[in-house]
Amino acid sequence: MPEFILNPPEVESTPPILYPRGPNEKDWANKSIRARVDRWFWVYEKGWFINWDQDRWPFLTIVVHHSETKSDATPDEIAQIHKNNLWIPCYQNPNDNDPYVFGLEPHSGHCINGRETFCCYHHLIYPDGKITTELQALTKINDVWFIDMVGWHAGDWAINNQSIAICLIGDYTYADPSETQVKALIGLINYYKMFNPNVAVVPHKKVSRRTICPGNHWFGWEPSIPWTMDMSSLI
Ligand SMILES: [Zn+2]
């Protein structure tokens, strides 16, 4: 099991020398790439990997998802789906050959309970109301609550950086989540409102037109969620 050290001690002023391959001058001139290289994390014996979490913003949004899986999908199964669908393509897509990641083994740098996870939701909620934590949601920086581990869940990098992702396990495209599951979701939303009373609470499909997540069949349960805007147009 590799060891991970998150947020390594201040990286020297020339971080590219720490990169396993080293960006060339042309890459270095690319502002969007340059902006990403001031923080890294170390994977034991494998070198330095980019720390995507450095793009974190203050906590402004909660995005609600469904997993579109069977209702007993395990956290490991969800993480594997995200690794296959998001992380591996990002690190191995020849059409998006970011020199900082292209061809490298994917590493999220997200370690929970001593294990690296590729899950992109902060919390999962099961039909029996059980809530799990897959990513550390918040961290306090200069008295402001920021997203700690950024989840790749919204299909929009800016939203990812400012949001907590909560996922109802199950496929609710044509069905309702259980009452217990919805109650747990409301409880979790209320918990995070303590950190930002003005947080925007939105379904995934409100921030991405490419999805119907968390489902179309939500007239039964949608009204009970404290969304921050009118969702009737999405039904
Ligand atoms: Zn979603």
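Could you go through segment 89-103 and let me know if any residue there is of a type outside the set (A, V, I, L, M, F, W, C), in a loop (DSSP other than H, G, I, E, B) and within 18 Å of the chain's Cα centre (by Cα).
Among the residues of segment 89-103, not one is of a type outside the set (A, V, I, L, M, F, W, C), in a loop (DSSP other than H, G, I, E, B) and within 18 Å of the chain's Cα centre (by Cα), which makes the answer no.
Any residue at all in segment 156-171 that is in a loop (DSSP other than H, G, I, E, B), in contact with a Cys (Cβ under 7 Å, 6 or more places away or on another chain) and under 22 Å from Trp218 (Cβ atoms)?
Restricting attention to segment 156-171, the residues satisfying the condition of being in a loop (DSSP other than H, G, I, E, B) are 156, 169-171.
Retained after the next criterion (residues that are in contact with a Cys (Cβ under 7 Å, 6 or more places away or on another chain)): none.
The answer is no; no qualifying residue exists.
Could you grab me the full set of residues in segment 184-210 that are within 11 Å of the ligand (Cβ to nearest atom) and surrounded by fewer than 18 Cβ atoms within 10 Å (Cβ to Cβ)?
Correct list: Ser208, Arg210.
Scan segment 112-124 and tell me whether some residue there is part of a loop (DSSP other than H, G, I, E, B), modelled with pLDDT under 95 and either surrounded by 15 or more Cβ atoms within 10 Å (Cβ to Cβ) or touching a strand residue (DSSP E or B) at 6+ places or on another chain (Cβ under 7 Å) (or both).
Within segment 112-124 (the criterion being part of a loop (DSSP other than H, G, I, E, B), modelled with pLDDT under 95 and either surrounded by 15 or more Cβ atoms within 10 Å (Cβ to Cβ) or touching a strand residue (DSSP E or B) at 6+ places or on another chain (Cβ under 7 Å) (or both)), the answer is yes, since at least one residue qualifies.
Starting from segment 177-205, take each residue that is of a type in the set (Ser, Thr, Tyr) and list its partners that are within 16 Å of the ligand (Cβ to nearest atom), counting only C-beta distances under 7 angstrom and pairs at least six apart or across chains.
Tyr192/Ile62; Tyr192/Ile164
Is there any pair linking a residue in segment 220-234 that is among the β-branched types (Val, Ile, Thr) to one that is in a helix (DSSP H, G or I), with Cβ under 8 Å and at least six apart or on different chains, and which?
Qualifying pairs under 8 Å: Ile225/Val182; Ile225/Leu185; Ile225/Ile186; Ile225/Ile189.
The values are calculated or read from the model by the stated rules, or taken from the named source; none is laboratory data. Predicted, not measured: the structure shown is a model, and the values here were computed from it. Heads up, the Cβs are rebuilt from the backbone with ideal geometry, glycines too, and the neighbour counts pull from every protein chain shown.
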